[in-house]
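Note sheet for the following structure.
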Amino acid sequence: MPEAMEWLVNLGYPGLFIGTFLAGTVLPMSSDVLLVGMLAAGADPVACLLLAAVGNWLGAMTSYWLGWFAKWEWLERAFKVRPETLEKQKVRVDRFGVWLAPFFWAPVIGVVFMIALGFYRVRPRMTALMALAGSFVRFLFWILLQCAFFGEA
């Protein structure tokens, strides 16, 4: 386990919340490894589920709001993105809409989903609800997997 992850596990529940929050943003971290580490250390699965799901969801919503407040001009200047490209991406985002939000945890592309949902102003409340549901299901999966392979989580 990388040193930063070990440090977060040693912080206990606050470390789980902080780590999952950061992993929900643009930072390259694995909240799954952190959750499994906490469970292996004997942490309460229900507390871990709640803290991990909410922390990761808040991190994802931070990415959403970063997108919301971004300006077209910034993207054009900073990333040399042409307006036509942004228009094409808008069509794609509009096609799937809030259904992209539950998959914000997917490596690399997930944070792009959340930023795009914010940038194109896709329904904030529904996006938040779908992202929370996706986060909850994701961590529940890991907890159930831990139980299946190792007995009690």
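The values are calculated or read from the model by the stated rules, or taken from the named source; none is laboratory data. Because the structure is predicted, anything quoted here is derived from the model rather than measured. Reconstructed Cβ throughout: ideal geometry from the backbone, glycine too, with neighbour counts over all protein chains shown.
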Condition first: of a type outside the set (A, V, I, L, M) and over 16 Å from the mean Cα position of the chain (by Cα). Now tell me which residues in segment 23-56 satisfy that. Gly37, Gly42, Asp44, Pro45
When restricted to Pro83, Pro14, the only residue under 20 Å from the mean Cα position of the chain (by Cα) and of a type outside the set (D, E, K, R) is Pro14
Test Phe96 against the criterion of being assigned to a helix (DSSP H, G or I), of a type in the set (Phe, Trp, Tyr) and farther than 15 Å from Asn56 by Cα, and give yes or no. yes
State whether one or more residues within segment 72-92 are β-branched (Val, Ile, Thr) and buried (at least 16 other Cβ atoms within 10 Å of the Cβ). no
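Could you grab me the full set of residues in segment 69-78 that are among the aliphatic types (A, V, I, L, M), under 14 Å from Gly118 (Cβ atoms) and part of a helix (DSSP H, G or I)?
Answer for segment 69-78, where residues must be among the aliphatic types (A, V, I, L, M), under 14 Å from Gly118 (Cβ atoms) and part of a helix (DSSP H, G or I): just Leu75.
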Pick from Leu51, Leu22, Leu66: which is among the hydrophobic types (A, V, I, L, M, F, W, C), assigned to a helix (DSSP H, G or I) and over 30 Å from Ile143 (Cα atoms)? Leu66
Residue in segment 122-153 that is surrounded by the most Cβ atoms within 10 Å (Cβ to Cβ), counting only those that are at pLDDT 95 or above and not in a helix (DSSP H, G or I): Val122
